[in-house]
1. For His121, only one of the following conditions fails: (1) over 19 Å from Glu10 (Cα atoms); (2) in a helix (DSSP H, G or I). What is its number?
2. Pick out the one residue from Ser82, Ser39, Ser34 that is buried (at least 20 other Cβ atoms within 10 Å of the Cβ), farther than 18 Å from Phe145 by Cβ and among the polar types (S, T, N, Q).
3. So is Val87 crowded, with 22+ Cβ neighbours inside 10 Å, out of contact with any Leu (no Cβ under 6 Å at 6 or more places or on another chain), modelled with pLDDT of 95 or more and closer than 23 Å to Pro38 by Cα or not?
4. Say we look at the range 139-184 and pick out the residues that are of a type in the set (Asp, Glu) and either free of Cβ contacts under 8 Å to residues at least 24 places away in the same chain or in a helix (DSSP H, G or I) (or both); which of these is farthest from Leu27 (Cα to Cα)?
5. Does Asp73 satisfy being outside any helix (DSSP H, G or I) and in contact with a Lys or Arg (Cβ under 9 Å, 6 or more places away or on another chain)?
6. Are any residues in the range 1-39 in contact with a Leu (Cβ under 9 Å, 6 or more places away or on another chain), within 16 Å of the ligand (Cβ to nearest atom) and part of a helix (DSSP H, G or I), and if so, which ones?
7. Could you please find all residues in the range 80-110 being within 19 Å of Ile159 (Cβ to Cβ) and either acidic (Asp, Glu) or assigned to a helix (DSSP H, G or I) (or both)?
Amino acid sequence: MNETLKTIMERYSCRDFADTPLTRGQLEALADASLASPSAMNRQPWHIIMVTDKALIEEMDAECMDILSKAEDKSGYERILSRGGKVFYNAPCMVMVACDGSDWAAMDCGIVSQNISLAAHSLGLGSVICGMADIPLSGARGNSFKERMRFPDGYRFGIAVLAGTAKSGKEPHELDRGKVTYVG
Ligand SMILES: Cc1cc2nc3c(=O)[nH]c(=O)nc-3n(C[C@H](O)[C@H](O)[C@H](O)COP(=O)(O)O)c2cc1C
């Protein structure tokens with residue numbers, strides 16, 4: 001198997017990060033991998049925000065847990081509690097992919113998140129795509145968090161990816177080959 005396929009097959013969602021900060025080189029490699037993503041008509045409808053401000057990540061985590069704890073449906077809250085009580089799993093870096101909301105932008109930002117995850121794995125880092133990072137941005141403190149992250153005007157949450165040194169890992173999910181049809 002070539003290195004690219006190996007990276008794709010080995011990647012898994014990491015939910016347990018060590019405190020170790022990413023190096024400048026690692027951050028720049030993830031940022032460049034984001035920018036290398038394809039996008040519809042090459043519009044590049046994203047802005048990539050490399051968040052390494054641990055206090056900000058922790059505040060967003062606490063706000064998210066607060067919102068989840070007050071939700072009518074407690075399943076999200078309980079799932080996070082069962083995973084250690086941290087929505088962002090103590091990650092030292094959150095790559096926030098802000099999105100301009102144009103046609104296909106959500107798809108394009110999803111592709112960015114996969115590029116980041118694969119690049120992280122290829123660098124020996126753990127990562128997890130994190131849709132839940134939208135929760136604190138949608139709450140009462142959302143605008144203040146967006147200001148602190150310097151979201152460009154008019155941009156909204158696209159997707160986020162948490163990255164860092166994995167404290168513990170897991171096996172990649174099983175391939176479900178029943179989900180493929182070969183025609184011809
Ligand atoms: C769009 C998207 C959003 C996700 N959001 C979260 C999240 O908020 N928290 C989390 O722990 N995992 C999240 N995941 C990771 C999935 O749960 C994970 O990819 C899936 O369970 C398969 O596991 P694997 O990535 O280890 O193969 C997300 C994945 C995607 C693609």
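The values are calculated or read from the model by the stated rules, or taken from the named source; none is laboratory data. This structure is a prediction, so every number in the text was calculated from the model and none was measured. Neighbour counts run over all protein chains shown; Cβ positions are idealised from the backbone, glycine included.
1. For His121, the exception is condition (1).
2. It is Ser34.
3. Against the criterion (crowded, with 22+ Cβ neighbours inside 10 Å, out of contact with any Leu (no Cβ under 6 Å at 6 or more places or on another chain), modelled with pLDDT of 95 or more and closer than 23 Å to Pro38 by Cα), Val87 does not qualify.
4. Looking at the filtered set, the residue picked out is Asp176.
5. no
6. Thr7, Ile8, Met9
7. Ile80, Asp100, Asp103, Ala105, Ala106, Met107, Asp108, Cys109, Gly110
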